[in-house]
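Please treat every number below as a calculation from the coordinates, not as lab data. Small disclaimer: the values here were computed from a predicted structure and weren't measured. All Cβ positions, even for glycine, are placed from backbone atoms using ideal geometry, and neighbour counts span all protein chains on display.
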């Protein structure tokens, strides 16, 4: 028996009523069963609006397009710590929350000199669920009398999926390269949706769900880099993520609970560690960049994922997602040994997203502006900062708006390995 709409109805119900209070990383992470999908941007990508598919670099690993790894000439270790602050706004209240954690790690090694083969591995978040929402509704008596009650709804969820990846880039000529990225995705998510009636203090109802996900994903990429003048390059990148399914072991039950007690009375078991397949649709990305070596880089990229009614657990109203990123990177004078700040890399960007989520018949949109810097440490290493300030949602269309500020501080530690020293 197909019972998935139970939770979907209750969660969407939250967006149709007035929220009295919330304490949340983001309520939108409650609307997809695997949580809110991560964009997997390293700090340098974040500062350029997410540009990375067409922006290979000597100084930074590229986890956006495996084919661009061939331009990493050093052994590189990347690490980033992310923090975000979010303000949730509706017609009556505002609430602010935030969190922070390790965001990514990556390690890359040139296997064959000249960028003919570069390999990389690491981990990053794939999705995140973290919300705690409260709302209330006034209801009349069953017979339509003036007797009324207040129903308090509580929505809680936490967990997330992680991604461990292994990437390889291969140079097929002076201008063209291909790459492959294999990932293992895994993690757990849980949620509770409870309702308490004001004139019934003895017990309350609760819907408890827990899901464990695991499976593999595969991406391929292509990269073209054409020198159009001395130290000036046109770069084109293309990525394709194959559709795949995440194996989900799901447990779900309707409960009756007693306040301030561990006693749980199971009313109905909906899923008893049943195995389901969560369908992830194909995703492709296309980007074009212009670069002046160690001076300037400009990029424009588009990403799209083909979400539809057959995605996820199916029978859910999703629409095709879209992301448009534009960014610029400037180094005033990379070789100026007398001025530290003229050797700093400065970044800026714009970002626009159309989420696959449909709320009140409207697709959820995000718009943001980004900034970033890379501070040179020694001769070839960097400390990176990236900031994204944006908003999503609309008070008039979906009754909720979210303002957010995301910050990533990271490091790119570069070294030269496997080079045979020569002595006179």
Write down the radius of gyration of segment 178-233 and its Dmax, each obtained from C-alpha positions, in Å.
25.8, 78
If one takes the longest principal axis of the Cα atoms in the chain, at what angle in degrees, from 0 to 90 and to the nearest 10, does the Cα axis of helix 5-14 lie?
90 degrees
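What is the ratio of the Cα radius of gyration of segment 62-219 to 2.2 N^0.38 Å, where N is its residue count, to two decimals? Please report the intermediate quantities before stating the final value.
Values: Rg = 24.6 Å, N = 158, 2.2 N^0.38 = 15.1 Å.
Normalised by 2.2 N^0.38 Å, the Cα Rg of segment 62-219 equals 1.63.
Could you line up 129, 230, 263 from fewest to most neighbouring Cβ atoms inside 10 Å?
230, 263, 129
Can you pull the semi-axes for segment 25-117, root of five times each eigenvalue of the Cα gyration tensor, sorted largest first, whole Å? It would help to have the intermediate numbers written out before the result.
Numbers: eigenvalues 246, 31, 27 Å².
Result for segment 25-117: semi-axes of 35, 12, 12 Å.
Mind giving me the FRET efficiency for residue 334 and residue 266? R0 is 51 Å, r the Cβ-Cβ distance, nearest 0.05 is fine.
Numbers: r = 65 Å, r/R0 = 1.28.
Result of the calculation: an efficiency of 0.20.
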What per residue convex hull volume, in Å³, do the alpha-carbon atoms of segment 341-424 yield?
129 Å³
The alpha-carbon center of segment 238-252 and that of segment 316-354 are separated, in whole Å, by 30 Å
Sorted from fewest to most neighbouring beta carbons within 10 Å, what does the list 180, 170 look like?
180, 170
Computed on Cα atoms, Rg of the chain relative to 2.2 N^0.38 Å comes out at 1.11
How are the Cα pair distances of segment 277-424 distributed, in percent, across 5 Å bins from 0?
2, 8, 12, 14, 15, 14, 11, 8, 7, 5, 3, 1, 1, 0, 0
Dividing the helical contributions, -39500 (n - 2.57) per DSSP H run of n ≥ 4, by the residues of the chain yields a 222 nm value, nearest 500 deg cm²/dmol, of -1000 deg cm²/dmol
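Please work out the FRET efficiency for the pair residue 256 and residue 315, using the Cβ-Cβ distance as r and a Förster radius of 35 Å; give the result to the nearest 0.05. Could you put the intermediate results ahead of the total?
Details: r = 28 Å, r/R0 = 0.80.
Efficiency, rounded to the nearest 0.05: 0.80.
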The residues 95, 274, sorted from fewest to most surrounding Cβ atoms within 10 Å, come out as 274, 95
